[in-house]
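Reading through the structure tokens given below for one structure.
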Amino acid sequence: MLKKVLITAIAAGLVGSFVLGINGAPQQAPVVVPTVEPTVAPTQITAAELSVEHQDISRLLAEKLNFKVSSISDSAIPGLFEVVTEQGIFYVNADASNLIQGSLYQVSDAGVTDLTEQAMGKVRLQAMQGLAGETIDYPADNEKYSITVFTDINCGYCRKLHNEVAQLNKLGVSVKYLAFPRGGLNSPTYQDMASIWCAEDKAQAMNNAKRGGKVVPEMCTNTVAQQYELGRRLGVTGTPAIVFENGQMQPGYVPAAQLLSILESMDKS
């Protein structure tokens with residue numbers, strides 16, 4: 001009975017996904033997918049790396065929708081291909097006449113697996129590599145796990161999570177911060193976070209800001225804007241947004257003990 005309910009729910013979600021008929025056949029009104037110029041360019045594939053069929057799909061998407069394709073692979077559904085682009089992950093048929101945006105699930109006796117989130121995890125990890133040296137780090141002495149958190153210094157739940165960083169470190173979880181000022185690049189929070197990334201002791205400046213202290217203005221060349229744009233491109237809509245080592249993203253605050261439980265479960269799977 002549970003499996004039947006899950007399948008019904010998933011089917012309903014897929015029906016509600018964005019389906020765009022590219023050749024002009026009557027379809028649902030197109031949904032505009034917001035695009036952000038990437039600050040960390042995805043790896044572009046070359047024609048030689050694709051099968052003939054995949055080359056055709058890449059060419060058609062470039063011609064019809066100006067998509068820059070970073071990878072194409074066969075999906076779990078015969079005749080449907082998974083395409084990773086700067087605009088996100090899509091599923092397309094062989095002649096690129098129909099496009100689906102939404103989660104593809106695999107249902108088995110073991111449960112339900114979000115195949116799209118698995119694929120997106122790989123995209124996140126690859127994209128984040130370009131800013132690997134720009135994080136503000138709180139390393140655990142006996143590191144077992146590491147999480148990367150898109151944070152905003154004025155976010156209440158971000159402060160709540162930060163209050164548990166010491167506890168996470170004791171549990172063997174290292175914490176790395178990337179900036180995501182929710183008000184955007186013209187907000188006072190952006191200016192404050194840029195100052196933190198310019199501080200001589202970045203971790204201490206972050207600690208002070210998370211406690212509500214006044215941020216000392218600093219100026220330097222920094223990547224806070226790139227971090228923010230990267231977050232938007234990877235699907236961050238609020239903070240904190242926690243990215244695990246497999247690329248899976250957990251939106252919102254999670255208590256330290258629960259975070260450890262999630263990490264341990266991932267380790268066993």
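The values are calculated or read from the model by the stated rules, or taken from the named source; none is laboratory data. Computed from a prediction, not measured in an experiment: that's the story for all the values here. Counting neighbours? That spans all protein chains shown, and the Cβs are built from the backbone with ideal geometry, glycine included. Each accessible area value is taken on the protein alone, full model and side chains, heavy atoms only, with ligands, DNA and RNA left out. Shrake-Rupley method; radii C 1.70, N 1.55, O 1.52, S 1.80 Å.
Just a few scattered comments:
- With the highest mean first, a sort of the peptides 156-165, 210-219, 174-183 on other beta-carbon atoms found within 10 angstrom per residue produces 174-183, 156-165, 210-219.
- The slack between K64 and A257, meaning 0.36 nm per residue of separation minus the straight C-alpha distance, is 64.6 nm.
- Label point 7 Å beyond Cα of D267 along Cβ direction - residues of segment 121-156 with amide nitrogen under 18 Å: 139-148
- A Förster radius of 25 Å combined with the Cβ-Cβ distance from K214 to Y157 puts the calculated FRET efficiency at roughly 0.70.
- Among the protein heavy atoms of segment 116-216, carbon and sulfur supply 45% of the accessible surface, probe 1.4 Å, non-protein parts ignored.
- A Förster distance of 41 Å, applied to the separation of the beta-carbon atoms of L115 and E143, puts the FRET efficiency at 0.85.
- Each part gets one Cα centre, and for segment 172-238 versus segment 113-151 those centres are 17 Å apart.
- Taking every lysine pair in segment 56-168 that is 8 or more places apart or spans two chains, those with Cα atoms closer than 28 Å amount to 4.
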